[in-house]
Each structure stands twice: as C-alpha cells, then as structure tokens.
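The values are calculated or read from the model by the stated rules, or taken from the named source; none is laboratory data. What you see is a predicted model; the values in this text were computed from it and never measured. FYI the Cβ positions are ideal-geometry reconstructions off the backbone, even for glycines, and counts take in every protein chain you see. Ligands, DNA and RNA are excluded from the accessible area calculation, which covers all protein heavy atoms including side chains. Shrake-Rupley method; radii C 1.70, N 1.55, O 1.52, S 1.80 Å.
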There are 2 protein chains.
Amino acid sequence: MDTGLLNEVFQEASFSRAELSTVGACLKKIDLKKGEVLLRKGDTVAYTHYVHRGCLRSFVVDESGKDHTLQFAIKDWWISDYTAFFTGDAAMMSIECIQNTTLYRLSRKDMEQLYLDIPKLETFFRKKLEKRMAAFHRRTLGNLAMPAKERYQAFVKTYPSIEQQVKNYHIASYLGITTESLSRIRKELLH
Amino acid sequence: MDTGLLNEVFQEASFSRAELSTVGACLKKIDLKKGEVLLRKGDTVAYTHYVHRGCLRSFVVDESGKDHTLQFAIKDWWISDYTAFFTGDAAMMSIECIQNTTLYRLSRKDMEQLYLDIPKLETFFRKKLEKRMAAFHRRTLGNLAMPAKERYQAFVKTYPSIEQQVKNYHIASYLGITTESLSRIRKELLH
DNA sequence: AGCCTTTCTTATCCTACATCAATTTTTCGC
DNA sequence: GCGAAAAATTGATGTAGGATAAGAAAGGCT
C-alpha cells in the first residue's frame, strides 16, 4: 500500500513511517460494483471498511418489509456494523453499494493486534467511534423532535454531497418516510 | 475509597491493587436527592458517573416542549452526555435523579491521564462505550421497526427492574408516546 | 382519617403521514 | 433516438397515536 493513501486514511493521527507500514500491511483493497452487498444481516462481521471512492448505505428491513437506511458512507468514512464488529454478534444490518466503490478493509483480529503494537491506534479508533456515536445520537434526537419536513431540510444541509448522489427513495428510507411523502415535502419547499 | 467498591466498579477488568488505588483517587462520591439535576443542557461536561445506588434519566426537551427520555441508569451503569464529555461541546441533554442516588464521578481530565498511566483502562472504557452504542443502536432500530405497543413490551422485557421503579410518564417519554397512549396500550395488554 | 397533589385512565376529536392506485418523468440499454 | 424499466409525482382514502378535556386513583402530609 502506498504512503499517500495511508496518510489520507489516517490523516488526523500522526503515525511514524514504520507504524503506517505496519497498519498498511493489514489493509486490503476491495472493489465493488453498484448493487453489490458488502455485509448481509446475520453475517459475522470480521471487518470494518474505509471508503476511498463511491457510496454505500447500511440498512435494516423490518418484519413488515420496510427498508430503513441507517447511514450513508462516502469518501473518507469508515463503515461496518460496529455493534456486531465489536461484540462478535451477528450483524443486525446489511450494507450495500449504491455506487461503484473502492474500500480498504481492516479485520477485527488485525485491529486488536494493532492496538497492542500501536497504542495510538486505539485512541484513533476510539475517537472515530465517539464521533460516530455523536452523529448517530444527534440524528436520533433530531428524529424525535422534528417533523419530516424539517428532518429533510436538516439532511440536505448536513449532507449536501450525499443528497446529490443518492436516489430519493434512499433519502426517504433514511428519513423514515415514504417516497410519496418526500415528494410532497419537496413540492412544498418549492413554494 | 475502599477496595470492595472499586472492585465492584471495575469488576470486568482485572486491575492490580496499585492501579485500583490510582483510579480510586480520581473517583469522587456524590449524593443526590430525587429531583436534583446532575447535568443541564448547555453545560460543559467534565464528568462521567458511575451509579452506585438510585436511578437517573437523561432527557432532552424539544422546541415544542416535549420531553424525551433517552436513557435510564440504575446501579452499575455509567451515565453522562458522552458526546459532550468526549468532544468538549456543550451538553445536548440533561440528566436528573428520579430517585435518591449515590454516584462516583470521574473527570475527563483524570480519565485522559489514567489512560496514559493505565492503558488497560482505555480498553475498559472503550468496551463500555461499544456496549452502550450497541444498546442505543438496538433501541433505535427497534423504534424504527416497531409500533408503540411492541416497543413497550420490549422495554418491559429488557429492563424489568427499571419498569418497576419509574413513573409511567417517564416510560412514555422513553417510548416516545404520550402517557395517554401508554395507558391505552397497557389496557389492551390486560386483554 | 381526610385533604391536596400527583399520577393514571377514559372518551372524543384531529392530524401527520401511510397506503393504495394511477400517471408522468427520468434513466438507460440497445 | 427509441422503448422499456425505474423513479418520481399526484390524488383519494385510511390509521396510529396526538391533543384536549375530564374524571378516577393513588400517594403523601398533617
């Protein structure tokens, strides 16, 4: 793996050349086409993934067949079912590519070893996790407090680049409403 | 601080006597009465708290004045606004005692120092955070998929001891429904 | 015990969003 | 560029849970 890419992945942390190369040896490049599934509900989750290019979404399908998008991931994001990744439980969600995508994956096993070799890395990922939790938290609180129209506006404001890239039915699924409702909301917002 | 209590707080981890006493020196006992507020929205969050006795809840109040309970904490739980605690941002939520409570608090500053002195402790708290995220995640996914009646049943099943201890309006606020709706649901469940 | 406050229940009506059912518009392979 | 499939829109109707307004129980406190 080249150093340029590694510096990109771990840009916030400052690792030595030796450390980067130790980490780099654990990352494996994966190319996926639009529509391909990275992780299926029920799977054991051995990896977390850094998104280098493309777009994915994590989602659950409930008993009544409704699809709920939990998160989109674009360049520079890490994505996995972290709950399952950390606990060893079966995945509660699925993850699919909604565009052609290039990922770098890191296994839980390698990660645990890396934590021992490079303590700074535990801090790096702990901070990632904290940030992710914060974002998820904010989103959940928003969902509680806001009607659908405001949730949509908040989404567009927070993730303009994602809003451009994904289908309306994915946005609707993220907002927890039907495409019909989203369509009506967008109409209203045009006055 | 006595060793018995410290062993209780850090029961899952195995720390040496010296480590425990280092940590113990950072914990401060706090007694609070029912109704007292531990943390107010907007505060800077300098502490996380281990619950030794009693019950607290974290909550947000939205623009329309509605109260949303995010989490209850009983004996053996840690509670704080972790987002704010870790990022340094102002608290997004408030935390209040709904029973007389005894806590042991740990400051972010001491925690960061302890991470350096006792690396195992970072692992201990990372695992706590992972578990918390998993629980919160599960709950959120449940909320997406389930109607109020099932959410209530799931709550009763998951937290029977909490269900006994707290008022119906707190449960309703946790489930994201009105007390009236909860009342109807409970009636239905009696056949 | 009796009074006052807090909590819980019940009934009626209402609203945001879902569901169902057509279209219309966009996208994309050939 | 054309036709089929996918995506988005629009309209009519349904429903879970909210809002409002009483009233009934259940705790305290003196």
Could you please let me know if B:ARG138 is open to solvent by 60 Å² or more (accessible area, probe 1.4 Å) and in contact with a helix residue (DSSP H, G or I) (Cβ under 9 Å, 6 or more places away or on another chain)?
-> yes
So which residues in the stretch B:160-170 are open to solvent by 30 Å² or more (accessible area, probe 1.4 Å) and either of a type in the set (A, V, I, L, M) or within 8 Å of DNA strand C (Cβ to nearest atom) (or both), if there are any at all?
-> B:LYS167, B:ASN168, B:TYR169
Counting only residues that are more than 16 Å from DNA strand C (Cβ to nearest atom), within 8 Å of another protein chain (Cβ to nearest Cβ) and in contact with a His (Cβ under 8 Å, 6 or more places away or on another chain), how many does the stretch A:105-152 have?
-> 1
Those residues of the stretch A:50-61 which are within 11 Å of another protein chain (Cβ to nearest Cβ) and open to solvent by 50 Å² or more (accessible area, probe 1.4 Å), in sequence order | A:VAL61
Taking the stretch A:39-60 and keeping only residues that are polar (S, T, N, Q) and out of contact with any helix residue (DSSP H, G or I) (no Cβ under 7 Å at 6 or more places or on another chain), one is left with A:THR44, A:SER58
Going by the conditions given, is B:SER107 touching a strand residue (DSSP E or B) at 6+ places or on another chain (Cβ under 6 Å) and farther than 29 Å from A:VAL61 by Cβ?
-> yes
Candidate set from the stretch B:171-181 (those that are near DNA strand D (Cβ under 8 Å from one of its atoms) and in a helix (DSSP H, G or I)); member that is most open to solvent (accessible area, probe 1.4 Å) = B:GLU180
Every residue from the stretch A:62-84 that is in contact with a Phe, Trp or Tyr (Cβ under 8 Å, 6 or more places away or on another chain) and facing chain B (nearest Cβ under 9 Å) = A:HIS68, A:LEU70
Enumeration of residues in the stretch A:146-170 that are of a type in the set (Phe, Trp, Tyr) and outside any helix (DSSP H, G or I) | A:TYR159
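Conditions tested, residue by residue: (1) farther than 25 Å from A:GLU122 by Cβ; (2) over 14 Å from the mean Cα position of the chain (by Cα); (3) in contact (Cβ under 8 Å) with a residue 40 or more places away in the chain; (4) open to solvent by 10 Å² or more (accessible area, probe 1.4 Å).
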position: A:GLY4; (1), (2), (3), (4): no, yes, no, yes
position: A:VAL9; (1), (2), (3), (4): no, yes, yes, no
position: A:GLU19; (1), (2), (3), (4): no, yes, yes, yes
position: A:LYS33; (1), (2), (3), (4): yes, yes, yes, yes
position: A:GLU63; (1), (2), (3), (4): yes, yes, no, yes
position: A:ASP67; (1), (2), (3), (4): yes, yes, yes, yes
position: A:LYS75; (1), (2), (3), (4): no, no, no, yes
position: A:SER80; (1), (2), (3), (4): no, no, yes, no
position: A:THR87; (1), (2), (3), (4): no, yes, no, yes
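Please go through the stretch B:89-99 and give me each residue that is more than 9 Å from every other protein chain (Cβ to nearest Cβ) and either surrounded by fewer than 20 Cβ atoms within 10 Å (Cβ to Cβ) or not in a strand (DSSP E or B) (or both), ordered by number.
The first filter runs over the stretch B:89-99 and keeps only residues more than 9 Å from every other protein chain (Cβ to nearest Cβ), leaving B:90-91, B:94-99.
Of everything in the stretch B:89-99, those that are more than 9 Å from every other protein chain (Cβ to nearest Cβ) and either surrounded by fewer than 20 Cβ atoms within 10 Å (Cβ to Cβ) or not in a strand (DSSP E or B) (or both) turn out to be B:ALA90, B:ALA91, B:GLU96, B:ILE98, B:GLN99.
Every residue in the stretch A:16-61 that is among the aromatic types (Phe, Trp, Tyr) and either under 23 Å from A:LEU175 (Cβ atoms) or not in a strand (DSSP E or B) (or both), please. Spell out how you get there, then give the answer.
First, pick out the residues of the stretch A:16-61 that are among the aromatic types (Phe, Trp, Tyr): A:47, A:50, A:59.
If the condition is that a residue be among the aromatic types (Phe, Trp, Tyr) and either under 23 Å from A:LEU175 (Cβ atoms) or not in a strand (DSSP E or B) (or both), then A:PHE59 is the only one that fits.
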